[in-house]
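Note sheet for the following structure.
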Amino acid sequence: MYLLRTFRGLNSKINFKVNITVPADHVVASTGTLTNPGSVMTSKQQDRFKKAMNEYEQPVFLVTQEEAEEAEKKRATGTKTWSYSATNVRDFAFASSRKFIVDAMAVKLSNGKKTMAMSYYPKEGNPLWEQYSTKVVAHTVKSYSKHTVDYPYPVAISVHSKSIGMEYPMICFNGGRPNEDGTYSKRTKYAMIGVIIHEVGHNFFPMIINSDERQWTWMDEGLNTFTQYL
């Protein structure tokens, strides 16, 4: 099950501190920085994340497909509270599921700073998602930073959804699902890559630039699409 809650802050930027209480076997993806990893992540997951923070070539699994499938078979009786903070953002969103596979890798920016590219997806997204999603996120952040402004956020997240795409600061929801037997067409593959680039790109237009997407659409969809094809 996926849970999503958003808070619209059009043309204004504020700071968020959010506590999200979910079943204990859920994994949460969110706008912002996780401030209590020791309370919600296992020691193994924390070690894997530390490794991912210095991995620039291949994503590191924080939660493997085998672990996600095992979690899916059970139902936790307790809860966990995931705490996130976000600075200078105009919106907030999160997703929660016991089905999530999670992988991550670091992205080095031209200004010497780095951010994390991450993906959250169920087994129904594989093998497509584990092969491409996080690498596409990382490539998008680097490409947009080169052509526009440096990416200022600590993370860029791609979350699997069965269809469409939607963007929020640091997190977006993207379609692209293989057939039940794991096969997929070139059309499905490149549509997924395209939507991930586009929705991650919305971090720049309008989220970072903070243009009014309702009044000046060309500064949102127009500039984003132009940079996407670069």
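The values are calculated or read from the model by the stated rules, or taken from the named source; none is laboratory data. Computed from a predicted model, the values in this text were never measured in an experiment. For neighbour counting, all protein chains shown are included, and Cβ atoms are generated from backbone atoms with ideal geometry for every residue, glycine included. The protein model used for the area step is the full one, side chains on, heavy atoms only, and it has no ligands, DNA or RNA in it. Shrake-Rupley method; radii C 1.70, N 1.55, O 1.52, S 1.80 Å.
Looking across VAL200, VAL195, one residue alone is in a helix (DSSP H, G or I), under 26 Å from SER30 (Cβ atoms) and free of Cβ contacts under 8 Å to residues at least 60 places away in the same chain. It is VAL195. PHE49 fulfils the conditions (1) open to solvent by less than 80 Å² (accessible area, probe 1.4 Å); (2) over 30 Å from PRO206 (Cβ atoms); (3) at pLDDT 95 or above; (4) not in a strand (DSSP E or B) except for a single criterion, (2). Remark: VAL102 falls outside the filter, which requires a residue to be in contact with a helix residue (DSSP H, G or I) (Cβ under 6 Å, 6 or more places away or on another chain) and in a strand (DSSP E or B).
Restricting ASN11, ASN15, ASN19 to residues that are at pLDDT below 95 and either open to solvent by less than 40 Å² (accessible area, probe 1.4 Å) or assigned to a strand (DSSP E or B) (or both) narrows the list to ASN15. With GLU213, GLU167 as the choices, which residue is of a type in the set (D, E, K, R) and in a strand (DSSP E or B)? It is GLU167. Of all residues in the range 70-86, none satisfies being farther than 23 Å from THR21 by Cβ and either β-branched (Val, Ile, Thr) or open to solvent by 70 Å² or more (accessible area, probe 1.4 Å) (or both).
Against the list (1) in a strand (DSSP E or B); (2) more than 30 Å from GLU213 (Cβ to Cβ), the condition THR87 fails is (2).
Looking only at the range 169-176, decide whether some residue is at pLDDT 95 or above, closer than 20 Å to GLU213 by Cβ, surrounded by 24 or more Cβ atoms within 10 Å (Cβ to Cβ) and of a type in the set (A, V, I, L, M). Yes.
Filtering LYS162, LYS123 for residues that are among the basic types (Lys, Arg) and either in contact with a helix residue (DSSP H, G or I) (Cβ under 7 Å, 6 or more places away or on another chain) or open to solvent by less than 10 Å² (accessible area, probe 1.4 Å) (or both) leaves a single hit, LYS123. If you filter the range 191-230 down to residues that are among the aromatic types (Phe, Trp, Tyr) and more than 21 Å from the chain's Cα centre (by Cα), you find that the one that is most open to solvent (accessible area, probe 1.4 Å) is TRP218. Selection of the range 116-159 for residues being within 15 Å of LEU62 (Cβ to Cβ) and part of a helix (DSSP H, G or I) yields TRP129, GLU130, SER133, THR134, VAL137.
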